[in-house]
Ligand code: TXA
Ligand code: MG
């Protein structure tokens, strides 16, 4: 086991000496967990194959799942990508720095291990001050998946990173909870029209306003198990975002959802199971059994995004056997939340009527 250094850092005005220390670790080929506006990332020098390989080992990540490369200036994009279509420019202009990842044809200088063997590369410029300062100070693009063990919910607080990766990485920069709470939107620009491979912090509606035409990969909607042998985003085929408990997702109209969840919860409790209910502010008081937690208001989907992964982990700490979750509207950030819920449910979805 490694000695992991945990450093509290100011998220608005990162202390230079802490950034310098972390940047030196990156330059030396080590691993640094750092906050972004979406979730915490586990970073290594994207151009150093040995360093990137350590990420896969620390996370137990399958080697065919490529890693997003984080940059602090646009010039790096032209070095890392072979081709940048004209709408890439427009998207960077509008959404960077921010929670949008662009998939482009990779240039030869990107190590294969960073792209999981693909000929494309996923790039984003995060907006978190600590992330930007770290990339700039390290003077290299930083490859960083979410800083959780493979298959676990993404970390939205340094405590989550500690739970999963303490003793496996060099440094954790702790700037408190992340703002958005779900990962970035992954948009494939090698397709025409561009295609959303993973819904996330930048919404479909925002992208559509800028691009006019976009599509969503069927696996991103995750309505049911789709055949994804030829998955363009290998992340699609790996089980993900999953708490240890079994997850059941109940969709439909709110009253029907509530009745169905009450019925299910009582059944499972009768069978001796410990049940968690993932509710919303509007329904919270309707449940009289189980451990009930709220994602926030159904009218504020940003709060659902912010709370989701934390609540998954809290249910695990309570050792519930089953989490029964309410479906929420799929607009705005709701699309990203529903994608995570559906995948956590392993497509175990009930339509309440
Ligand atoms: O918000 C985020 O995106 C966070 C923070 C740390 O930036 N990162 C993150 O990384 O969520 P990760 O590795 O957990 O998810 C990256 C996703 C995976 O589904 C992966 O398959 C996909 O992006 N991806 C990476 N490179 C790709 C590529 N070249 N083509 C298609 N998909 C790619
Ligand atoms: Mg991840």
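No lab work stands behind these numbers, since they all come straight from the coordinates. Since this is a predicted model, take the numbers as computed values, not measurements. Methodologically, a virtual Cβ is constructed for each residue, glycine included, from the backbone with ideal geometry; neighbour enumeration extends over all protein chains shown.
Here region 246-294 and region 118-180 have alpha carbon centers that stand 33 Å from each other.
Per-residue ellipticity at 222 nm from helix content only, as computed over the chain with -39500 (n - 2.57) for each DSSP H run of at least four residues, stands at -9500 deg cm²/dmol. Beta-bridge orientation, the chain: approximately 35 percent antiparallel, per DSSP, counting only bridges with both partners inside. Annotation: the residues 266, 54, 108, sorted from fewest to most other C-beta atoms within 10 Å of their own C-beta, follow the order 108, 266, 54.
Taking the C-alpha atoms only, the angle from helix 49-59 to the longest principal axis of the chain is near 20 degrees. Enter the angle in degrees (range 0 to 90, nearest 10) between the Cα long axis of helix 86-95 and the first principal axis of the Cα atoms of the chain, meaning the one along which they spread out most. With rounding to tens, the tilt is 70 degrees. Applying 0.36 nm per residue to the separation of residue 82 and residue 281 and subtracting their alpha-carbon distance, the gain on full extension is 66.9 nm.
Which FRET efficiency value, to the nearest 0.05, is calculated for residue 119 and residue 270 with the Förster distance at 35 angstrom and r the Cβ-Cβ distance?
Result of the calculation: an efficiency of 0.05.
Ranked by the mean number of other Cβ atoms within 10 Å of their residues, highest first, the peptides 158-167, 137-146 come out as 137-146, 158-167. Quick check on region 58-136: take the gyration tensor over C-alpha atoms, sort the square-rooted eigenvalues as a ≥ b ≥ c, and tell me if it's rounded (a/c under 1.5), prolate or oblate. Judged from the Cα gyration tensor, region 58-136 comes out oblate (a/c at least 1.5, b/c at or above a/b).
So if R0 is 25 Å, what FRET efficiency would residue 263 and residue 215 give, r being the distance between their Cβ atoms, rounded to the nearest 0.05? About 0.10, to the nearest 0.05.
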